[in-house]
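Inspection log for the structure reproduced underneath, given as C-alpha cells.
The values are calculated or read from the model by the stated rules, or taken from the named source; none is laboratory data. None of the values given here were measured: they were computed from a predicted structure. Counting neighbours? That spans all protein chains shown, and the Cβs are built from the backbone with ideal geometry, glycine included.
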Amino acid sequence: MLKQRIITALILLPIALGGFFLLEGGAFALFIGAVVTLGGWEWARLAGFPAQWQRVLFAALVAVLLLGLYHAPILATPVLLLGVLWWCVATALVLKFPQSAVYWAPAWRRIAIGLLILLPAWQGLVLFKQWPQANWLILAVMVLVWAADIGAYFSGKAFGKRKLAPAVSPGKSWEGMIGGMCTCLLITLVTGIVQGWSAGNTVLALLGAAIVVAVSVVGDLTESMFKRESGIKDSSNLLPGHGGVLDRIDSLTAAIPVFALLLLLSGWATL
C-alpha cells in the first residue's frame, strides 16, 4: 500500500503543481474544472446514486454549470456566499449526526449539497488566479489546510483524548484540532513577521487563518459523514493508495470559498 501511495503521489504531484501554478485563464479554469467534475462523479455515489449512468449524469451537470459560471462572472459573489452558507449549515449537520441525516434524505437535497460543495471551490480558485499574488493565494490556502492536517495528526497522536465528532470520525480529537490550529497560526505569524505586516494586518491574518482552518475541518468531517452514512470507505479508487479525488480535496472545498470571501471582505481584491 505504501509503495502504491508513493508511486501515485510521484505521478500526480508534478501534474497538480503544473496545473495549479503554471496554467492561466481558461486553461486553469478547465484544469480545475476537470478535477471538480471528477469530484462530482464521486459525489453521486456518496449521495446514494451508485449507478454509473447516474454518476456520469451528475458529473455532466457539474461540468455544464462550471461552464456557465465561467461565462457569467457576475455570479461569482453569490456562488461564494452560497458556499459559505452551506458550510455553516454543514457544521450543524456534523454536530448533530446521525440524527441530522434525515435532513438530506430527499434526493434533490443531496444533489444540491454536492453542487454547494464543488461549485464554490472552483469559483474561489478561478478568482484567486485573477487577484494580486494569484499563485501565492493558492499556495497559502493549501499550506493552511495541509499544515492543519499535519499538526492535527501529530497532536492527536500525542495528546488526543476528547473526541471531536465521534459519530462521524472517531479518530479525530479536540487536541488534534487545537494542535493543527496552533501550527497554522504560528506559520501565519512567522509569515507576517517576515513580510513586515503591521500589527493590525497580522491580527486580521491570524483571525482569517483560524476561520479557514476551522472550516477546513468541517469540510473533512462532512465528507466523512456522508461516507459513514452510505457505508463507503473511500469516495472512489481513482487515486491508487489515496482513495478518490474528494478524499484529497474535502478540506479544500470548504477552505477555498471561505478564504476567497474573507479576501473580498478585507478589500484585498474586488470583482
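Out of (1) surrounded by 15 or more Cβ atoms within 10 Å (Cβ to Cβ); (2) in a helix (DSSP H, G or I), what's the single condition that is false for Asn201?
Single failed check for Asn201: (1).
Mind checking which pairs have a first residue in the stretch 75-86 that is under 17 Å from Gly208 (Cα atoms) and crowded, with 17+ Cβ neighbours inside 10 Å and a second that is small (Gly, Ala, Ser) and at pLDDT 95 or above, Cβ under 7 Å, 6 or more apart or different chains?
Pairs that qualify, where the first residue is under 17 Å from Gly208 (Cα atoms) and crowded, with 17+ Cβ neighbours inside 10 Å and the partner is small (Gly, Ala, Ser) and at pLDDT 95 or above, are Leu80/Gly124; Leu80/Ala260.
Residues to consider are Thr270, Thr253; find the one that is in a helix (DSSP H, G or I) and closer than 26 Å to Trp136 by Cβ.
Exactly one residue qualifies, and that residue is Thr253.
Looking at the stretch 48-88, which of its residues are modelled with pLDDT under 95 and among the aromatic types (Phe, Trp, Tyr)?
Phe49, Trp53
Among the listed residues Ala44, Ala92, which satisfies the condition of being part of a helix (DSSP H, G or I), within 20 Å of the chain's Cα centre (by Cα) and surrounded by fewer than 16 Cβ atoms within 10 Å (Cβ to Cβ)?
Ala92
When residues of the stretch 48-73 are filtered for being touching a residue at least 60 places away in the same chain (Cβ under 8 Å) and within 29 Å of Gly26 (Cα to Cα), how many remain?
Going through the stretch 48-73 one residue at a time, the tally reaches 1.
Can Leu137 be described as crowded, with 16+ Cβ neighbours inside 10 Å, over 17 Å from the mean Cα position of the chain (by Cα) and farther than 29 Å from Ile232 by Cα?
Judged against the criteria, Leu137 is not a match.
Is it true that Ile187 is part of a helix (DSSP H, G or I), touching a residue at least 40 places away in the same chain (Cβ under 8 Å), surrounded by fewer than 19 Cβ atoms within 10 Å (Cβ to Cβ) and among the β-branched types (Val, Ile, Thr)?
Yes: the conditions hold for Ile187.
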